[in-house]
Amino acid sequence: MAQNRFTKIKGTKDFLVVAVVCVFLCLWSIRDAWFPTQSILKKHPLTYPVVSKTSGVVQSVPVQVGQKINGSMVLVELATSSHQRAVDEAEAAYAAAKESEAPDKSEKLAVLHRAKEALLACRIRNTDFTLETTHGEEALNGKVLEIFARPATPIEAGEVLMTVEPHDTFYIFNKTLAVLTFLGAGIALFFHRIASK
């Protein structure tokens, strides 16, 4: 009678240990992938709000719901006329203060810097937002979920213009790990059962 080759396998407890480790890893990855804690959501958010850094009127929204964003893309453009006017006025005020050696020269320079920053903030790009991902700090990339900004509507600084689902391999990795460790636990238990006969 032919001898079953699995009866020669030694260390059946090793299979059991492997199965327990796989079950532990499976449960851990299920928790991270489908039931993330607040600390994980803080580091790997499921949605990211695109917020305006300045007030103004929306000129255009060059992206659509469902569109993938990557590289350097303009998400929202604000009208620049009022901001350009503020820069021109601040430049004139700073030039006058510089010529007359006014004591508030540094204050006028600070106003000019703020006006220039507000003008630059009229073009909102995905690269204006960075996320800590599993690969380090990266620009916001992902898929547009919702758009709240509409052309010709005024917005305030700090207002949410759209939400984006960030591209992050953290959840995909954990879902894959959950499936593989589940299969690994099943295979280890199978060999443990055969070897213990």
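The values are calculated or read from the model by the stated rules, or taken from the named source; none is laboratory data. Just so it is clear, the structure is predicted and the values come from calculations on it, not from any experiment. Here the Cβ positions follow ideal geometry from the backbone for every residue, glycine too, while neighbour counts run over all protein chains shown. These accessible areas exclude ligands, DNA and RNA; they are computed on the full protein's heavy atoms, side chains included. Shrake-Rupley method; radii C 1.70, N 1.55, O 1.52, S 1.80 Å.
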Exercise for review: Count the net charge of all other residues whose Cβ sits under 13 Å from the Cβ of His83, scoring Lys and Arg as +1 and Asp and Glu as -1.
Suggested key: 0
**Study point:** Part-to-part distance (alpha-carbon centres) for segment 138-197 and segment 78-134, which is given in Å
**Key:** 39
Practice item. Could you list which residues have their amide H under 5 Å from that of Lys143, counting only those 5 or more apart in sequence or on another chain, with H placed in the peptide plane? Key: Ile69, Glu165, His167
Exercise for review: Would you mind checking the tilt of helix 169-195 against the longest principal axis of the Cα atoms of the chain, expressed as 0 to 90 degrees and rounded to 10?
Suggested key: 10
Revision key, fill the gap. Any residue on another chain or 5+ positions along whose placed amide H is under 5 Å from the amide H of Lys53 is listed here as Gly158
Study note, to complete from the structure: Glu137 neighbourhood, Cβ < 13 Å, K/R = +1, D/E = -1, net charge -2
Check your understanding: Under a Cβ-Cβ cut-off of 13 Å, what is the net charge of the residues other than His167 that fall near it, where Lys and Arg count +1 and Asp and Glu count -1?
Key -> -1
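Could you grab the relative contact order for segment 1-155? Cα pairs under 8 Å, six or more apart, rounded to a whole percent. Walk me through the numbers on the way to the answer.
On the way: 164 pairs, mean separation 48.6, N = 155.
With pairs under 8 Å counted, the relative contact order is 31 percent.
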Revision key, fill the gap. Rounded to the nearest 10 degrees, the helix 12-34 long axis (Cα) sits at an angle to the longest Cα principal axis of the chain of 20
Revision key, fill the gap. Between Glu132 and Tyr171, the two model label points (7 Å from Cα along the beta-carbon direction) sit apart by a distance in nm of 2.0
Study note, to complete from the structure: segment 157-197 scanned against label point 7 Å out from Val20 along Cα→C-beta; backbone N under 20 Å for 181-197
Review point. From the square roots a ≥ b ≥ c of the eigenvalues of the alpha-carbon gyration tensor of the chain, which class results: rounded (a/c under 1.5), prolate (a/b over b/c), or oblate?
Key: prolate
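Rounded to the nearest 0.05, what FRET efficiency do Ser81 and Thr153 have when you use their Cβ-Cβ distance and R0 = 22 Å?
Details: r = 16 Å, r/R0 = 0.73.
Efficiency at R0 = 22 Å is approximately 0.85.
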Review point. Separation between the Leu41 and Ile187 pseudo-spin-labels, each 7 Å from Cα along Cα→Cβ, expressed in nm?
Key: 3.6
Review point. How large, in percent, is the carbon and sulfur part of the accessible surface of the chain at a probe radius of 1.4 Å?
Key: 61
Review point. Does anyone have the angle between helix 105-120 and the longest principal axis of the chain? Alpha-carbon axes, 0 to 90°, nearest 10?
Key: 50
Check your understanding: Between Glu146 and Gln67, what length in nm is gained on full extension when 0.36 nm per residue of separation is reduced by their alpha carbon distance?
Key -> 27.4 nm
**Study point:** Theoretical gain in end-to-end length, Lys53 to Ser106 [0.36 nm per residue, Cα-Cα removed]
**Key:** 16.7 nm
Review point. Cross-link partners among aspartates and glutamates for Lys98, C-alpha distance below 19 Å, same-chain residues fewer than 8 apart left out?
Key: Asp88, Glu89, Glu107
Practice item. For segment 104-153, just list the percent of Cα-Cα distances falling in each 10 Å bin from zero outward, please. Key: 19, 31, 29, 18, 4
